[in-house]
């Protein structure tokens, strides 16, 4: 077996080594430059070219600063081309070693000490012209700014070849992501914007993201890497909000991923269409964008407000890339006359250029200084209407009282959005999404128990029904019951929910 391996290594050619780089990422330029270097070596050996030398500056500009693989490729090629006689590489990491090394002909020396490169290196190179030197540089440019002029000139005189290890292109990274999934027996089922977002990371960050995704896919017994394998923050770890004149589908993707809320989604799209057409007209007579959101708890008002902020930022609707200020009564109402007006103006100034979200808005007009708040708010909403979106949110009845609190307040609002209670099917969809995020699997019979519980809750038609909050509470209590069962029974199955876990919750509620 050992003899076969040795024979295989002997049969490998320089062209085979170069071809192996096709499977690597971020080495496109490295391969091209290395091919030219090989041509030069062969021409020089054949006495068809008599200028230059074999020394190399190897740039590591790919964040990982890992050059070992590339140095090994250089070594293998030099060995194949009979430029060096031994496989061993001597790495020099400080001046002391440089000055005290006994250099031997036809050997490869790697100098990894850019901070202390000295003029003595030139004398060593000139004296040992039949050795090959590779200097590692962790700079994007040929010479570092910190290099003195004489060091720069020395490097330019003695190192004719520049090979670069740079970050892979976006296309290479996308192909890498797909190949990793394939190698792990998984398919990629992600929208293009998600793959592109992941590919914007460094290779190390991409690997970490893919490792987490593969672990989650295996835990959930999936045959593919899909959105369930990622947290949104994981996908958008390096996400940068686009400039005002750049459009993005991230906000719209968030909008489409919401469960239910068909009419709300449609209204947001209409608002965006209006803004786009208004921009095509040069922004003449831009309308106010202030909104009211009416709905019971847990119907998605806060989430929708944040998404609107993203959509506005990505499409240049307002002047900043993203400002989302979420406030309540304590942020506005002061202790004495005049204090509320001052606090209100201060909060609004923080939100200029973005979205100001006021939850439970009706509570602000109740009690002392409520009138002062609403008068100040109306004035600032009018003054800053072209670069501020105020979103008021509350229960339907409370919102109606707020609109009637002063005759002209309703005229300041351009858009009204109703957030209906979720249906049983939508609530179960929310339940499924949340338990999948925790990698939880349901045993047979669990779904029926959950659906029956949700049907009973919806039928009761409670005032201020909790909607998604109810589901989140249900999931957390089921996880608690599961944990108790696991400890009592000594089970090692951490991800399966049994029917009894759910019954212990719903029958106790």
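The values are calculated or read from the model by the stated rules, or taken from the named source; none is laboratory data. Keep in mind that what you see is a predicted model, and the values were worked out from it rather than measured. Ideal geometry is used to build each Cβ from the backbone, glycine not excepted, and the neighbour counts take in all protein chains shown.
One line per residue, one yes/no per condition, for (1) outside any helix (DSSP H, G or I); (2) buried (at least 17 other Cβ atoms within 10 Å of the Cβ); (3) in contact (Cβ under 8 Å) with a residue 40 or more places away in the chain; (4) not assigned by TED's automatic domain parsing to the domain that holds residue 317:
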| position | (1), (2), (3), (4) |
| --- | --- |
| 346 | no, no, no, no |
| 350 | no, no, no, no |
| 358 | yes, yes, no, no |
| 362 | no, yes, yes, no |
| 366 | yes, no, no, no |
| 373 | no, yes, yes, no |
| 379 | no, no, no, no |
| 386 | yes, no, yes, no |
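Just the residues that are in contact with a strand residue (DSSP E or B) (Cβ under 9 Å, 6 or more places away or on another chain), assigned to a helix (DSSP H, G or I) and surrounded by fewer than 14 Cβ atoms within 10 Å (Cβ to Cβ), please, taken from the range 179-225.
Scanning the range 179-225 gives a single hit, 182.
Yes/no per residue for (1) over 31 Å from the mean Cα position of the chain (by Cα); (2) modelled with pLDDT of 90 or more:
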site	(1), (2)
409	yes, no
412	yes, no
420	yes, yes
429	no, yes
444	yes, yes
450	yes, yes
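Within the range 152-165, can you find the residues that are in contact with a helix residue (DSSP H, G or I) (Cβ under 6 Å, 6 or more places away or on another chain) and modelled with pLDDT under 85?
154, 158, 163, 164, 165
Of the residues that make up the range 122-132, is at least one more than 25 Å from residue 38 (Cβ to Cβ), surrounded by fewer than 15 Cβ atoms within 10 Å (Cβ to Cβ) and modelled with pLDDT of 65 or more?
Within the range 122-132, one or more residues are more than 25 Å from residue 38 (Cβ to Cβ), surrounded by fewer than 15 Cβ atoms within 10 Å (Cβ to Cβ) and modelled with pLDDT of 65 or more.
Looking only at the range 484-509, which residues are without any contact (Cβ under 8 Å) to a residue 24 or more places away in the chain and within 32 Å of the chain's Cα centre (by Cα)?
If the condition is that a residue be without any contact (Cβ under 8 Å) to a residue 24 or more places away in the chain and within 32 Å of the chain's Cα centre (by Cα), then 493, 494 are the ones that fit.
Could we say that residue 394 is within 31 Å of the chain's Cα centre (by Cα) and in contact (Cβ under 8 Å) with a residue 12 or more places away in the chain here?
So residue 394 fails the test.
Only one of (1) surrounded by 17 or more Cβ atoms within 10 Å (Cβ to Cβ); (2) at pLDDT below 90 is not met by residue 505, so which one is it?
(2)
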